[in-house]
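Visitor: Got a structure here, written out as structure tokens. Questions coming.
The values are calculated or read from the model by the stated rules, or taken from the named source; none is laboratory data. These numbers were taken from a predicted model, which means no experiment stands behind them. Cβ sites come from the backbone with ideal geometry, for glycine too, and all protein chains shown count toward neighbours. The protein model used for the area step is the full one, side chains on, heavy atoms only, and it has no ligands, DNA or RNA in it. Shrake-Rupley method; radii C 1.70, N 1.55, O 1.52, S 1.80 Å.
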Amino acid sequence: MKKFENIVIASDLDGTYFGSKQYIILRNVERVKYFVENGGHFTFATGRLPLFLKKPIPDPENHINMPAVLGNGTCIYDYNLQKTMDERFVDSALIIEMIAFVRSVVSGIGFRGVLPEGVVVSDLENPIIRREFEGFPPYINKQVAPASEWGDFKLYKTNVMGDERDIDMIYPLLKEKYGKRIGVTRSASFMVELVPKGVTKAVALKELVENYFDRPMTLCCVGDYDNDIEMLEAADISVCPENANDNVKAIAKLKLCSNDDGVIGDLIDWLDKNI
């Protein structure tokens, strides 16, 4: 029996596996290689979707050795097979209603919908949306369409994006008004994520691990922001980097080094000494 063969590590990307400027940390890569060579199972659990992982990690199949939980649980993707294993979509009519509500409360916020083939944005007035839209690589299909025309789109999720103060204000309002009908979480200071109700990283990971293995596994989850909290609460070993926000730090069992210093490598070192 290999040392780590009953252990799964699921890592968030931004603020966790990546450094602060979205670059890959060599220490993480080297320690994950050691972990996998000794029987471990490593995957990503992220808000990013397949096309949006390609730029920072052109070869994800060389970083993970089991299917990934993407889109905050809306998509399970097997990079070795280059195949979507499962996917869930938000209610487009409800998204249209929510966008109208947000616009009635605060101006200047932008909206981005993520589809299997790319992205749709409501307009390019918001500077965050415009910068991101202009920077998308050519393999991402991108379009601009008024939110009222989103009814026929198959959306994994929708992002509400804007100034941090505006997001601070709109986030609790969305949770209160729509939280019983749709998943509302926050993945960055400037962004709220809207996903199908009941779909989370935690739910998708639990189903993935139960279906992928024929034995009980120890699940280690690593994350840094609010959209990681349910996943960390569901983990056998919950881990956050030093740069995690206070909500995450309050519930993580292990608080390790920062993302820039290789928190995944730190976790594997800890497992090496403590299992």
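Visitor: Taking the Cβ of P127 as the center, what net charge do the other residues with Cβ under 14 Å away carry, scoring Lys and Arg +1 and Asp and Glu -1? Kindly include the intermediate steps, with their values, before the conclusion.
Guide: On the way: positive: R112, R130, R131; negative: D123, E125, E132, E134, D163, E164, D166.
My count for the surroundings of P127 gives -4.
Visitor: What whole number of Å gives the distance from the Cα centroid of segment 196-258 to the Cα centroid of segment 43-64?
Guide: Distance between centres, Cα-based: 18 Å.
Visitor: Could you work out the equivalent-ellipsoid semi-axes for segment 18-79, taking the square root of 5 times each eigenvalue of the Cα gyration tensor, largest first, in whole Å? Please report the intermediate quantities before stating the final value.
Guide: Numbers: eigenvalues 71, 46, 17 Å².
They are 19, 15, 9 Å, listed from largest to smallest.
Visitor: So with the 1.4 Å probe, I'd like the accessible area per residue for segment 153-233, rounded to whole Å². Walk me through the intermediate numbers first.
Guide: Details: 3630 Å² over 81 residues.
Normalised by residue count, the accessible surface of segment 153-233 is 45 Å².
Visitor: Of the heavy-atom accessible surface of segment 1-150 (probe 1.4 angstrom), what whole percent is carbon and sulfur?
Guide: Details: 3360 of 6570 Å².
Result for segment 1-150: 51 percent of the exposed heavy-atom area is carbon or sulfur.
Visitor: Could you give the C-alpha radius of gyration of segment 127-174 expressed as a fraction of 2.2 N^0.38 Å, taking N as the number of residues it contains? Display every interim value, and only then the final one.
Guide: Values: Rg = 13.1 Å, N = 48, 2.2 N^0.38 = 9.6 Å.
Taking N as the residue count of segment 127-174, the ratio is 1.36.
Visitor: Counting Lys and Arg as +1 and Asp and Glu as -1, each charge on the Cβ, what is the dipole of segment 200-270 about the Cα centre in debye, to the nearest 20? Working shown, then result.
Guide: Numbers: 6 positive and 15 negative charges, 41 e Å.
That gives a dipole near 200 debye.
Visitor: Pull up all non-local amide H partners of I9: gap of 5 or more, or a different chain, and H-to-H distance under 5 Å with H placed in the peptide plane.
Guide: H41, F42, T43, C220
Visitor: Specify whether the C-alpha gyration tensor of segment 1-40 places it in the rounded, prolate or oblate class, a ≥ b ≥ c being the square roots of the eigenvalues: rounded for a/c under 1.5, otherwise prolate if a/b is larger than b/c and oblate if not. Walk me through the numbers on the way to the answer.
Guide: Details: a/c = 5.71, a/b = 2.16, b/c = 2.64.
It is oblate, given that a/c is not under 1.5 and a/b is not larger than b/c.
Visitor: Separate question: How would you order 132-144, 27-39 from highest to lowest mean count of nearby Cβ atoms within 10 Å? Before the final figure, lay out the partial values.
Guide: On the way: 132-144: 12.9, 27-39: 17.4.
The densest-packed peptide leads the list: 27-39, 132-144.
Visitor: Across segment 1-157, how large is the tail of the calculated P(r) beyond 28 Å, expressed as a percent of all Cα pairs?
Guide: Details: 3639 of 12246 pairs.
More than 28 Å apart: 30 percent of the Cα pairs in segment 1-157.
Visitor: From the C-alpha coordinates alone, can you work out the Kirkwood hydrodynamic radius of the chain, in Å?
Guide: Numbers: mean 1/r = 0.0527 Å⁻¹.
19.0 Å is the Kirkwood radius here.
Visitor: Using 0.36 nm per residue, how much length does the chain from E5 to E164 gain when fully extended, once their Cα-Cα distance is taken away? Could you put the intermediate results ahead of the total?
Guide: Numbers: separation 159, 0.36 × 159 = 57.24 nm, distance 4.21 nm.
The E5-E164 span can extend by a further 53.0 nm.
Visitor: Further, regarding this structure: How many Lys pairs in segment 7-83 lie less than 21 angstrom apart by Cα atoms, where the lysines are 8 or more positions apart or on different chains? It would help to have the intermediate numbers written out before the result.
Guide: Numbers: K21/K54; K21/K55; K33/K54; K54/K83; K55/K83.
Step by step, the pairs that qualify in segment 7-83 add up to 5.
Visitor: Another question, then. Between Y34 and E61, what is the spin-label point distance in nm, taking each point 7 Å from the Cα along the Cα→C-beta axis?
Guide: 2.7
Visitor: Let me spell out the model: positive unit charges on the Cβ of Lys and Arg, negative unit charges on the Cβ of Asp and Glu, origin at the Cα centre of the chain. What dipole size does that give, in debye rounded to 20?
Guide: Values: 32 positive and 41 negative charges, 33 e Å.
In debye, rounded to 20, the chain gives about 160.
Visitor: Right, next: Just the Kirkwood number for segment 231-275, please: inverse of mean 1/r across all distinct Cα pairs, in Å, one decimal. Walk me through the intermediate numbers first.
Guide: On the way: mean 1/r = 0.0937 Å⁻¹.
Kirkwood radius, segment 231-275: 10.7 Å.
Visitor: Report Rg (one decimal) and Dmax (nearest whole number) for segment 135-275, counting Cα atoms only, units Å.
Guide: Cα only, segment 135-275: 17.7, 55 Å (Rg, Dmax).
Visitor: Would you look at the GNM of the chain, springs on alpha carbons closer than 10 Å, and say which of G73, G19, G47 moves the most?
Guide: Of the options given, G19 has the highest mean-square fluctuation.
Visitor: Here is a further query. Just the Kirkwood number for segment 129-211, please: inverse of mean 1/r across all distinct Cα pairs, in Å, one decimal. Working shown, then result.
Guide: Numbers: mean 1/r = 0.0673 Å⁻¹.
Hydrodynamic radius (Kirkwood, Cα pairs) of segment 129-211 is 14.9 Å.
Visitor: Give me the aspartates and glutamates in straight-line cross-link reach of K2: C-alpha distance below 13 Å, same-chain residues under 8 apart excluded.
Guide: Correct list for K2: E37, D272.
Visitor: Ok, one more. Counting only pairs 8 or more places apart or on different chains, how many lysine pairs in segment 100-182 have C-alpha atoms closer than 20 Å?
Guide: Values: K142/K154; K142/K157; K157/K175; K157/K177; K157/K180.
Going through segment 100-182 pair by pair, I get 5.
Visitor: Moving to a separate point now. Based on the alpha carbons, how large is the Rg to Rh ratio for segment 60-142 when Rh follows Kirkwood? Walk me through the intermediate numbers first.
Guide: Details: Rg = 15.6 Å, Rh = 14.9 Å.
Rounded to two decimals, Rg/Rh equals 1.05.
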